[in-house]
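Report on the following structure.
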Amino acid sequence: MPRAEIVKKVPINDSYFLFRSCVSSSKYPGIETSTEEVFARLGIELEDSPEQSCCGGFITFTSLAEVTASLPAVARNLSIIEESGKNALTVCNGCHMFLTEFGHFMDHNPDITNKVNEMLGMIGREYKGTSHVLHMLEAVAGLKNRIKELITRPLKGLRVATHYGCHYLYGFKHDAVDDPYMPTVLEELIEIAGAENVTYPEARTCCGSGLTQVIIHKEEMSLPFLKRKLDSLKKIEADVLIVVCPYCMTILDRGQFKMEERGIEEYGVPVLYINQLLGLAMGIDPVRLGLEAHITPVKRLLEKLEVSNA
Amino acid sequence: MTEEYYPRIVGLLCNWCTYAGADLAGTTRIKYPQNIRPIRIPCSGRVSPHFILTSLLSGADGVFIGGCHPADCHYNEGNYYARRRFSVLKSFLDFVGVEPERLTLEWVSASEGDRFAEVVTAFTEDVKALGRPNPYSRKELED
Amino acid sequence: MRKIGVFVCHCGTNISSMVDIDRVIESATRLPDVACAVDYQFTCSAPGQTQIKDAIKEYNLDGVVVAACSPRMHEPTFRKTLRDAGLNPYMMEMANLREHTSWVALNRGEATAKAIDLVRMKVAKVARLRPLEEIHLPVTRRALVIGGGVAGIQAALDIADGGVDVTLVERSPSLGGHMAQYDKTFPTLDCASCILTPKMVEVASHPNITLLTYSEVEEVTGFVGAYKVKARIRARSVDLEKCNGCGTCLEVCPVRVPSEFDASLADRTAIYRPFPQAVPAAPAIDRESCIYFKTGKCRACEKVCPADAIDFEQENEIVEVQVGAIVVATGFHFFDARKYTEYGYGSYKDVISWLQFERLTNASGPTGGKLRRPSDGMEPKSIVFIHCVGSRDPSKGFPYCSRICCMATAKHAVITRSKIPDAKIYSFYIDIRAAGKGYEEFVRRAIEQEDVQFIKGRPSRIVQSDGKLLVRSEDAFLGRQIEVEADMVILTNGAAAQNDAAELAQMLGIGYDQYGFFNELHPKLRPVETNKAGIYLAGMCQGPKDIPESVAQASASASKVLGLLSRDQIAREPIIAEVDPGRCTGCMDCMEVCFFTAVEEDEFMERKIAKVLPGVCQGCGACVAQCSDGAMELRAFSDEQIHAEITALFAVEVAR
Ligand SMILES: Cc1cc2nc3c(=O)[nH]c(=O)nc-3n(C[C@H](O)[C@H](O)[C@H](O)COP(=O)(O)OP(=O)(O)OC[C@H]3O[C@@H](n4cnc5c(N)ncnc54)[C@H](O)[C@@H]3O)c2cc1C
Ligand code: SF4
Ligand code: SF4
């Protein structure tokens, strides 16, 4: 599918509902602040709601209960989005997958939706199925032409690698804006930011976290996958790795620290969210982009940028 | 009326799918209520709206039309005609006061004996649940 | 008044155990048109039929109701009984007391009540039946075969050998289809072209076959026994009569474009012959890539042709043929493996399709049969086959099994072993489906003697790293993630219908499924017929199958064609639509709804009316329900007859 056609499908609005993510809010606030900064420059309003909760994915990701146990939480969040009357943006692959996939599931299973709505009725809510949830990556891809105009400090000479994350690649794909298994929207945005795109063999593979399910935590199963990925990344000498999900960021950013700490391997490739990268290219203050919260140091990256922009 | 209400249902079944599905229900000995009287027709596209009206006027409490699943019609498109004609007639009958529960159009393939029994049972239950014979039969109208 | 006989069958105890036969007889006897009502243990048996025949004579019956099993079972039997007794066979109806009654009823009371009703309804219908005569249609003794793959070739030869003229229309410049691209065939590993080429030559030289290559069927009208076909012969730019097939022109043509026949692994010229053994041997000019047709200069081929056969002015030609029957053998197409982006087909050079593999191992292929990988020409030492790429995968819209791939992959693995004895060969599969004579044994040979590692698992991704292809998969038996290093990966992309299959089906008026494969009339009992009389199917166009099955189907179709065309006239069931010229207002609504274009305009007393073509009408009755003037009737299912059935049901109150 030619890319132009793909991006056309993304609805471009003056304002969106920003669906916050637990992981980003608690570990990487920069994901949300960079989003706010970038969107403010785009002249697009972001509304959020203190009512919003965890998307509901936690229950499933941790294998705590049956998959359907997530439904009431998903439906409640979707009803909040519906109330805003806006299209929603998620910053996280997991939130995106959960909201869209379970939304789709409920839309096709009226019996279950009725049951869920009975529960929601107890708190005076109802899921109608009228919302549209977009992944942040897809929204910025749709806005690429406007972003291009805002690039004031092109990231010349910066070697940038990507990681989409399994829940983006293999997740809910019936309305994906790009080839679900081999997307390229992120690469295009990196070029728009003026940086050089570098690929590594393991670019589209798993970080290994899928095997740990957080709670069960079988590190000995997951770490080899992380190592394989980071080894492959290290070889191409990338300056930075771009992700589109706070959970991926957690694993890849903190994972490097873990590897070093255990004396396995040193990597030192900072991990940034796409909006943080775009923010840098728009000349936004790194502090506003929340880069200080990252575990793998970003110092060298910023220095390199200083030099190239001097 | 004192006797128990025993609905009588006219079944118009296309030869290639639903009639054959009904045969299969028999071959596999699936039981279902016997209120239906099947009439074999070549294709659900053969169903003239008159058949439904005649049935209702003559005293049918329900009319069941069975055709091939969409895209499976033996004659390629007969079931689409059936569907169009049926929905027009049904909304008209609804308008004049015939309970919509008295009419149904179902897709049953030749391999769906179980489904035939299922939809006929459900339809018979629906017609029964109306609790009274079709008030628009000539007999009732004259009484 | 009619004299109708009612014959109630016990079917052993199948009916009588649930239905009170005596009460059915008693109630039938009281019906106005009934002359006699009797029962019997097995009405379909010889004595049962004799009972009917005797009664027809004794009571001088003019109509019969057989209350027994489903008419889908025994209608033909009892029609024949009537005919034997000198009665018109269409004066009979069956009341279904078994499948629709005794076998499905919960209690005897209900079953008996229903049986009584059904018999009364059928009596009412039979009272309104009219004798019908079978329709006889003249036959044109010529057949059309569309598609010149192995199936079309076989069908054409069988029909032609049976003494009937055949026109074979093949779209590409040569006969042969996919089989011509293969080196060897499973499970015997005999050489594909050695068995196919002689057949191709035979087609070209057969006195009863007219071969139209580089041609397509444009229009088909008419009906069984009398189809009118328009075919377009595309301008080949080479005179078939003059060309002697020397191939000199191919040497001088400066153009290079990817060869379709070599699955883009090699180039061909603009004037080209798909493969050396092509039939006909005369090349064709692909006008889209020819320099002369693009710029007006070149004509290099013309200068060297010793036979003066090149003809740049040649134009498309339309030919019309009348045929009595048609065999459709248009074959298949491949699932586009690029849809599996996770396997990198199209971006990793050494991930190839299995058709490309066929060409890479073919002695007349781009590498002369040496197995070399496309990127650098290196001999691959580790080779991975992945089954079911685009088969059994609902997420890609292809949930069906392509059937040939397991076997073809085993074949490829065995061929690989013979070419590179020390190679590591892996085959990732979901299930091995090797049902066929000698097939399982062949797969076992691959596993046990040729040391091919079959791994149960569907690879999730192929990663290219340091010049190696890393195939990641689960091993479902070990329950573990595995990774295989490969020099080359072959994707067995599934079989799909031809891109234009739906259009062809619509042109012919035959059914097709959601994937574009043509529908047979009955999946078990009429596997090569279509819903359109006189049109038959052969080969992959009907669904995935291997060569033996394609050929068997082709021969089956041919025998159907020969059977049909052996008669001067064809008899058809007379259950078709009929126009009452007096009532028809000529609105032609019937023509609009007829899928089979069986309705034509006609004239009656100087006004336009509709006319049904008896050979084309399939008897669905869509037009009858559409006609708002009551001018269209369907024989044996007329409005009057169906209304009679309905009203008869409510004619009497029946005690339950
Ligand atoms: C890689 C691979 C390997 C295989 N190996 C084996 C094997 O070893 N043994 C085995 O038994 N089977 C094998 N098969 C299966 C085998 O290829 C098929 O069973 C066989 O080719 C089917 O023949 P066909 O004539 O139906 O179709 P095709 O071979 O596809 O021929 C169809 C012909 O019709 C023509 N055509 C199409 N549309 C039109 C049109 N509208 N008008 C005119 N002409 C038209 C095409 O140009 C073509 O010439 C293999 C299949 C594959 C994919
Ligand atoms: S034949 Fe085998 S490889 Fe091919 S689709 Fe069927 S199961 Fe898969
Ligand atoms: S009965 Fe069916 S096929 Fe025949 S003319 Fe009418 S619509 Fe056409």
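The values are calculated or read from the model by the stated rules, or taken from the named source; none is laboratory data. What you see is a predicted model; the values in this text were computed from it and never measured. A quick note on method: Cβ atoms are made from the backbone with ideal geometry, for glycine too, and the neighbour counts reach across all protein chains shown.
Remarks
- Looking at the stretch C:288-368, the strands (runs of 3 or more DSSP E) lying wholly inside it that each contain 3 or more residues that are within 30 Å of residue A:168 (Cβ to Cβ) sit at C:351-353.
- Scanning the stretch C:67-79 finds one or more residues that are of a type in the set (Val, Ile, Thr) and more than 10 Å from chain B (Cβ to nearest Cβ).
- Taken as a whole, the condition of being at pLDDT 90 or above and surrounded by 20 or more Cβ atoms within 10 Å (Cβ to Cβ) does not apply to residue A:283.
- The stretch C:81-124, residues that are part of a helix (DSSP H, G or I), at the interface with another protein chain (Cβ under 10 Å from one of its Cβ atoms) and of a type in the set (A, V, I, L, M): C:111, C:113, C:115, C:118, C:121
- Test: residue in the stretch C:130-138 that is in contact (Cβ under 8 Å) with a residue 40 or more places away in the chain and closer than 30 Å to residue C:205 by Cα: yes
- Residue among B:38, B:49, B:42 that alone is within 9 Å of chain C (Cβ to nearest Cβ) and within 27 Å of residue C:112 (Cβ to Cβ): B:38
- In this structure, residue C:492 qualifies as within 11 Å of ligand 1 (Cβ to nearest atom) and away from chain B (no Cβ under 14 Å).
- Qualifying residues in the stretch C:575-595 (those that are under 15 Å from residue C:617 (Cα atoms) and surrounded by fewer than 19 Cβ atoms within 10 Å (Cβ to Cβ)) - the one nearest to the other protein chains (Cβ to nearest Cβ): C:575
- Matching option when the condition is more than 10 Å from every other protein chain (Cβ to nearest Cβ) and either small (Gly, Ala, Ser) or within 16 Å of ligand 1 (Cβ to nearest atom) (or both), among B:62, B:78, B:11, B:26: B:62
- The residues of the stretch C:506-538 that are among the hydrophobic types (A, V, I, L, M, F, W, C) and facing chain B (nearest Cβ under 10 Å), listed by number, are C:510, C:521.
- If only residues of the stretch C:629-640 that are more than 9 Å from ligand 3 (Cβ to nearest atom) and at the interface with chain B (Cβ under 10 Å from one of its Cβ atoms) are counted, the one that is farthest from residue C:124 (Cα to Cα) is C:630.
- Condition met for residue C:597 (β-branched (Val, Ile, Thr), at pLDDT below 95, more than 16 Å from ligand 1 (Cβ to nearest atom) and on the phi > 0 side of the Ramachandran plot): yes
- Listed by position, the strands (runs of 3 or more DSSP E) contained in the stretch C:419-521 that have at least 1 residues being of a type in the set (Val, Ile, Thr) are C:424-429, C:452-456, C:461-465, C:468-475, C:480-486, C:488-493.
- Test set (1) in contact (Cβ under 8 Å) with a residue 60 or more places away in the chain; (2) within 13 Å of ligand 1 (Cβ to nearest atom); (3) in contact with a Lys or Arg (Cβ under 7 Å, 6 or more places away or on another chain) - residue C:405 fails condition number: (3)
- A single entry from C:315, C:358, C:379, C:320 fulfils the requirement of being within 30 Å of residue C:528 (Cα to Cα) and surrounded by fewer than 19 Cβ atoms within 10 Å (Cβ to Cβ): C:320.
- Leading residue by the ranking (farthest from ligand 2 (Cβ to nearest atom)) among those in the stretch C:357-406 that are under 25 Å from residue C:453 (Cα atoms) and β-branched (Val, Ile, Thr): C:361
Yes or no, residue by residue, for (1) within 16 Å of ligand 3 (Cβ to nearest atom); (2) out of contact with any helix residue (DSSP H, G or I) (no Cβ under 9 Å at 6 or more places or on another chain):
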position	(1), (2)
C:419	no, no
C:454	no, no
C:466	no, no
C:476	no, yes
C:484	no, yes
C:495	no, no
C:502	no, yes
C:511	yes, no
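- For the stretch A:256-280, residues that are surrounded by fewer than 13 Cβ atoms within 10 Å (Cβ to Cβ) and touching a Ser or Thr at 6+ places or on another chain (Cβ under 6 Å) total 0.
- Some residue of the stretch C:80-95 being surrounded by fewer than 17 Cβ atoms within 10 Å (Cβ to Cβ), among the basic types (Lys, Arg) and within 37 Å of the chain's Cα centre (by Cα): yes
- Of all residues in the stretch C:251-301, those being within 20 Å of residue C:213 (Cα to Cα) and among the acidic types (Asp, Glu) number 4.
- Answer from C:188, C:221, C:210 - the residue that is out of contact with any helix residue (DSSP H, G or I) (no Cβ under 6 Å at 6 or more places or on another chain), away from ligand 2 (no atom under 16 Å from the Cβ), more than 14 Å from every other protein chain (Cβ to nearest Cβ) and in a loop (DSSP other than H, G, I, E, B): C:188
- The stretch B:63-84 residues that are charged (D, E, K, R), paired with ones that are surrounded by fewer than 24 Cβ atoms within 10 Å (Cβ to Cβ) (beta carbon under 6 Å, 6 or more apart): B:77/C:595
- Residue C:395 meets all of the listed conditions (1) away from chain A (no Cβ under 14 Å); (2) outside any loop (DSSP other than H, G, I, E, B); (3) under 30 Å from the mean Cα position of the chain (by Cα) but one, namely (1).
- Residues in the stretch C:239-271 that are touching a Leu at 6+ places or on another chain (Cβ under 7 Å) and closer than 21 Å to residue C:314 by Cβ: 2 in all.
- Residue C:543 assigned by TED's automatic domain parsing to the domain that holds residue C:155, in contact with a Phe, Trp or Tyr (Cβ under 6 Å, 6 or more places away or on another chain), modelled with pLDDT under 95 and crowded, with 19+ Cβ neighbours inside 10 Å: no
- Scanning the stretch C:431-469 for residues that are under 36 Å from the mean Cα position of the chain (by Cα), of a type in the set (D, E, K, R) and closer than 27 Å to residue C:549 by Cα turns up C:431, C:433, C:437, C:440, C:441, C:444, C:445.
- The stretch A:183-201, residues that are closer than 23 Å to residue A:225 by Cβ and either within 13 Å of chain C (Cβ to nearest Cβ) or among the basic types (Lys, Arg) (or both): A:183, A:199, A:200, A:201
- When the stretch C:594-621 is filtered for residues that are more than 8 Å from ligand 3 (Cβ to nearest atom) and assigned to a strand (DSSP E or B), the ones remaining, listed by number, are C:600, C:601, C:602, C:603, C:604, C:607, C:608, C:609, C:610, C:611.
- From the list A:43, A:56, A:30, A:85, the lone residue that is on the phi > 0 side of the Ramachandran plot and within 20 Å of the chain's Cα centre (by Cα) is A:56.
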